[in-house]
1. Please specify each residue of the stretch 258-280 satisfying the condition of being under 16 Å from the mean Cα position of the chain (by Cα) and not polar (S, T, N, Q).
2. Within the stretch 185-198, is even one residue within 16 Å of ligand 1 (Cβ to nearest atom), open to solvent by less than 50 Å² (accessible area, probe 1.4 Å) and not in a loop (DSSP other than H, G, I, E, B)?
3. Which residue pairs have Cβ atoms under 8 Å apart, sit 6 or more places apart or on different chains, and have a first residue in the stretch 190-209 that is closer than 25 Å to I38 by Cα and at pLDDT 95 or above and a second that is part of a loop (DSSP other than H, G, I, E, B) and small (G, A, S)?
4. Looking only at the stretch 242-262, how many residues end up being out of contact with any Leu (no Cβ under 7 Å at 6 or more places or on another chain) and not in a loop (DSSP other than H, G, I, E, B)?
5. Can you pull out the residues in the stretch 106-126 that are under 22 Å from V148 (Cα atoms) and surrounded by 14 or more Cβ atoms within 10 Å (Cβ to Cβ)?
6. Determine whether the stretch 90-105 contains at least one residue that is open to solvent by 60 Å² or more (accessible area, probe 1.4 Å), part of a helix (DSSP H, G or I), in contact (Cβ under 8 Å) with a residue 24 or more places away in the chain and not small (G, A, S).
7. So, G274, is that one small (G, A, S) and open to solvent by 10 Å² or more (accessible area, probe 1.4 Å) or not?
8. How many residues are without any contact (Cβ under 8 Å) to a residue 60 or more places away in the chain and away from ligand 1 (no atom under 16 Å from the Cβ) when one looks only at the stretch 116-156?
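The values are calculated or read from the model by the stated rules, or taken from the named source; none is laboratory data. In this text the structure is predicted, and so the values were computed from the model without any measurement. Neighbour counts run over all protein chains shown; Cβ positions are idealised from the backbone, glycine included. All accessible areas refer to the heavy atoms of the entire protein, side chains included, with ligands and DNA or RNA removed. Shrake-Rupley method; radii C 1.70, N 1.55, O 1.52, S 1.80 Å.
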Amino acid sequence: WGRQLPPYFLLLQCDSKENFLFHRRSDVLMMTPWFAPIVWEGTYNSEILNEQFRRRNVTVGLTVFAIKKYTVFLNKFLETAETYFMVGHRVNYYIFTDRPEEVPKVPLKEGRNVVVLQVQNYPRWQEISMRRMELINSFSQQRFINEVSYLVCVDVDMRFNDQVGVEILSNLFGTLHPHFYAAERQSFTYERRPASQAYVPRDEGDFYYAGGFFGGTVMEVYKLTKKCHEAMMVDKAKGIEAIWQDESYLNKYFVYYKPTKILSPEYLWDDDLGRPEILKKIRFLALPKNHAAIRNK
Ligand code: 2GW
Ligand code: MN
């Protein structure tokens, strides 16, 4: 049964990394003012977390969209996910695509499945990106709710590069955008036109979150995607599209429905930004893409 814990005052005095309860960093913010943990390497114990989630026999759904030429990203994405994503846990990959025949056959470990979901293509790339909210929403209700506990919703033009495990899971989580994790609120690229449903006033907003990595329980992701999709439809009817498409609506949502956990930029990095000392791990990395060649084909 339980482990033997040293007395509390010893923990406070103890600076040793040998101590299995020593998990803190002084160089980064580890918790929001609403008591949501911010996940950085060195702030948690994956052995304990893995035990907790294994005991619940949790299944995690990873949603990814590969429309048109973006199927080229699937092979590296899936291969690296097999190495680093939720190792030792049950995983369903949900691949939304208009080209099911281009989904590569990647060897999967036990307890892991690929589910191909055929969807239509939209001519505008902005629409492809934004319609993800609608599709995740409708499949959450129809399917995901019966198959998985948590959803992780990510971009496909990425590779896993280090462990992404159950430390990310919580009711509702978002990821600090790699360009803005150290920036001031004034510089966040929220939608600033009051006419848009994604509008965030200058004196509101806590962080700037990335559109390419969010998730939570199926119920919370259902609620998030519903609100974001509805907001997009209101804007569309008025001929407005938010400055960063789905990312803008996501950021609006997180201002008023605050995430219960936040992932550091370790979970969505771009090497164009170098590799600052603060990053002990780079877990999920943007692939360089030839925009001209891959877009609007
Ligand atoms: C996207 C832009 C231009 C031309 C095509 C596409 C495209 C995107 C496509 O042809 N097929 C496709 O499947 N996608 C999906 O949309 C794919 O899953 C991709 O990862 C996602 C977002 O597009 P992406 O990754 O090219 O745009 P980023 O990396 O600049 O994404 C950020 O900004 C987006 C909104 O502008 C989203 O918020 C995204 O989550 C952000 O990471
Ligand atoms: Mn991307």
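1. As a first pass, look at the stretch 258-280 and keep what is under 16 Å from the mean Cα position of the chain (by Cα): 258-270.
Hits for the stretch 258-280 are K258, P259, K261, I262, L263, P265, E266, Y267, L268, W269, D270.
2. For the stretch 185-198, residues within 16 Å of ligand 1 (Cβ to nearest atom), open to solvent by less than 50 Å² (accessible area, probe 1.4 Å) and not in a loop (DSSP other than H, G, I, E, B): present.
3. Partner pairs satisfying both residue conditions: Y190/A198; Y190/G205; E191/A198; E191/A242; A198/A242; Y208/A183.
4. Count: 11.
5. Taking the stretch 106-126 first, the residues under 22 Å from V148 (Cα atoms) are 106-119.
Those that are under 22 Å from V148 (Cα atoms) and surrounded by 14 or more Cβ atoms within 10 Å (Cβ to Cβ): V106, L108, R112, V114, V115, V116, L117, V119.
6. yes
7. Values: small (G, A, S): yes; open to solvent by 10 Å² or more (accessible area, probe 1.4 Å): yes.
Considered against the rule, which asks whether it is small (G, A, S) and open to solvent by 10 Å² or more (accessible area, probe 1.4 Å), G274 comes out as yes.
8. The qualifying residues number 4.
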